[in-house]
1. May I ask you to list the residues in segment 14-70 that are touching a Lys or Arg at 6+ places or on another chain (Cβ under 9 Å) and of a type in the set (Lys, Arg)?
2. Note down all Cβ pairs under 9 Å where the first residue falls in segment 13-36 and is of a type in the set (S, T, N, Q), the second is part of a strand (DSSP E or B), and they're at least six residues apart or on different chains.
3. Can you name the number of the only condition in (1) modelled with pLDDT of 80 or more; (2) assigned to a helix (DSSP H, G or I); (3) farther than 21 Å from VAL56 by Cβ that PHE127 fails?
4. Name the residues in segment 144-156 that are open to solvent by 10 Å² or more (accessible area, probe 1.4 Å) and either touching a Pro at 6+ places or on another chain (Cβ under 7 Å) or over 12 Å from SER18 (Cβ atoms) (or both), would you?
Amino acid sequence: IIQEHGERLNKLVDDLLSLSHLESKEILLEKDIFNLRQQVEKVIMGFKEQLKKRNVDIKNEIPANISINADKDKIEGVFTNLIDNAIKFNKENGSIKISSQQEGDKIKIIVEDSGVGIPDKDIPRIFERFYRVDKARSRELGGTGLGLSIVKHIIELHKGSVSVESVEGLGSKFWFTLPNFTK
């Protein structure tokens with residue numbers, strides 16, 4: 001029990017430090033051009049056990065020819081947070097789809113799940129620090145309530161935007177945009 005609480009506290013401190021650093025706006029992005037599909041595949045590999053345990057199917061539908069100019073580690077963190085949530089709040093035998101679409105000079109990346117969804121009243125606050133839709137369940141699943149706030153700050157540092165569409169009981173569609181993409 002002590003070890004579990006210690007790990008949870010450690011995760012909370014790590015997330016707080018990360019968020020504080022992002023909010024300071026003093027952070028310098030280490031931008032590089034990299035293949036988006038390959039980066040998503042790398043993140044998915046880290047979740048193979050969780051996906052198997054929950055029997056959740058994941059599809060990476062990002063085209064192989066999409067490259068972006070961004071901070072690779074930070075974007076990996078965005079995908080890690082979004083995929084982790086999509087697994088945690090999904091149904092048994094559920095699915096996750098990751099896709100992209102061009103929108104003018106930006107690329108829109110979508111992480112869609114077949115999970116429990118988010119009630120309408122909670123959607124406006126979902127990207128706030130420490131906000132949790134289901135406090136008991138997210139604590140039980142190891143959440144700190146900071147992940148989506150971190151995602152929002154990373155995307156805003158990249159001059160992008162983030163949002164969510166969700167229907168309670170049917171799943172959620174988180175999306176973010178990034179500028180300066182190349183094919």
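1. LYS31, ARG54, LYS59, listed by residue number.
2. Taking only residues 6 or more apart or on different chains, the pairs are ASN35/SER67; ASN35/ILE68.
3. (2)
4. Scanning segment 144-156 gives GLY145, LEU148, LYS152, GLU156.
The values are calculated or read from the model by the stated rules, or taken from the named source; none is laboratory data. On a predicted model such as this, the values are computed, not experimentally measured, just so you know. Using ideal geometry, Cβ is built from the backbone for each residue, glycine included, and neighbour counts are taken over all protein chains shown. Calculation scope for accessible area: heavy atoms of the full protein, side chains included, ligands and nucleic acids excluded. Shrake-Rupley method; radii C 1.70, N 1.55, O 1.52, S 1.80 Å.
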